[in-house]
Amino acid sequence: MIVFRYLARQVMSTMLAVTLVLLLIFMSGRFIKYLAQAASGGLSPDILLQIMAYRLPGFLELILPLGFFLGILLAYGRMYLESEMTVLHACGYGRNRLLWHTMIMAMLVSLFVGAMSLYVSPWGMQKVERLFVEQSQLTEFEMLFPGKFQKLKTGDRVTYAKSLSDDKRKMFDVFISEEPDGDEGINLIRAKEGTQLIDPKNGDRYLVLHQGTRYQGVPGTNSFQVIMFDTYGVKIDVPDAEQRSVKEEAIPTQDLLGSKSPGEIALLQWRISIPMLVPVITLLGVALCKVNPRQGRFFHLLPSMMVYVVYLGLLIVVRKKLAKGEIPDYLGLWLVHLLFLGLAIVLLNKDRILSSMFRPKKVQASHA
């Protein structure tokens with residue numbers, strides 16, 4: 001148990017460090033994408049952190065297996081480099097016990113990844129989809145960002161407000177530019193203040209502007225109308241709720257069971273394959289972690305990472321082909337797992353295989 005606790009501490013601490021770094025990289029890239037949508041008026045800045053929180057399980061289910069694989073390579077590689085493994089082997093702690101103890105850790109990681117993949121991640125994606133649908137129903141008044149010209153999603157209207165009240169019910173120093181259909185030119189409106197008004201009869205929303213000027217005409221000509229007003233109403237279009245088909249990532253796993261759709265069969269096999277990935281890469285990691293002190297600590301990382309990338313890449317390719325119906329579902333992703341399981345077994349027993357292949361044959365003496 002002392003050796004197991006030591007190995008678990010080494011592997012798990014390395015896994016957590018690698019996972020944290022990879023998680024920050026992937027989440028920052030996704031956050032920048034959502035931030036750009038918020039800056040252009042496509043999303044409300046208030047929901048960005050909610051979206052990232054709901055998407056966290058989806059990132060973890062993919063990053064944790066890689067983090068665990070690198071944890072094995074780095075932790076055990078250091079122990080080989082510093083001769084700790086040599087001492088353990090000399091004390092009777094062989095590779096089989098090392099593999100058994102590592103598989104115990106792998107089962108714990110696999111259970112956690114399976115919970116993310118099968119249940120938590122689809123639940124999080126459902127929440128994300130609900131937020132996106134709610135965003136599609138917001139009016140442009142609610143999507144305004146103060147101090148920025150915004151071409152919003154309803155019509156050819158550019159809106160600017162120098163500042164907004166805390167409840168976003170009033171806007172100050174308003175500028176609106178819109179291009180009506182036909183040859184009417186362009187409408188420019190400036191006003192000191194704007195408020196939102198909701199018609200109690202039909203629920204229509206209006207932006208009521210106060211103390212401003214409206215310019216209408218064709219650019220490049222002298223034909224312009226200038227109207228000064230105390231109160232002027234602009235209807236705020238409310239877009240219909242987008243008929244967004246729920247993303248496949250948001251489909252609950254129980255709804256995929258028994259499905260005959262190739263796409264849903266591929267999705268179900270993918271969700272099961274993510275936790276299955278962990279024990280297979282554990283075998284590969286133990287087989288590839290041995291380091292020759294003359295080669296350096298990180299020499300084995302490149303070929304090991306290439307094996308992992310090919311493994312995950314084949315799973316993705318086969319999933320796409322399975323979703324198109326080009327591969328029978330009884331083979332599907334299981335064939336890839338079997339292929340790399342066989343590779344892991346060969347690598348674990350390569351010394352025995354090579355010795356048996358190149359063992360000199362015994363010459364039997366012939367008796368006269």
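Which trypsin sites (Lys or Arg not before Pro) does the stretch 264-326 hold that lie in a coil by DSSP with at most 11 other beta carbons within 10 Å?
When the trypsin sites (Lys or Arg not before Pro) of the stretch 264-326 are filtered for loop state and at most 11 Cβ neighbours within 10 Å, Arg294, Lys324 remain.
Only loop residues by DSSP count here, and only those with at most 16 other Cβ atoms within 10 Å; note down the chymotrypsin sites (Phe, Trp or Tyr not before Pro) in the stretch 260-356 that meet that.
Here the sparse-neighbourhood loop sites are Phe298, Phe299, Tyr330.
Can you order the peptides 113-125, 91-103 by their average number of other Cβ atoms within 10 Å per residue, highest first?
Highest-to-lowest ranking by the protection proxy: 113-125, 91-103.
Each residue of the stretch 70-83 in order: what ³J(HN,Hα) in whole Hz does its phi give by Karplus 6.51 cos²θ - 1.76 cosθ + 1.60, θ = phi - 60°, with x for Gly and Pro?
Here the 3J(HN,Hα) series is 5, x, 5, 5, 6, 5, 5, x, 5, 5, 5, 5, 9, 6 Hz.
The numbers here are math on the coordinates, done by the rules we state, and not lab data. Values in this document were obtained by computation on a predicted structure and should not be read as measured data. Please note: Cβ atoms are built from the backbone with ideal geometry, for glycine as well, and neighbour counts cover all protein chains shown.
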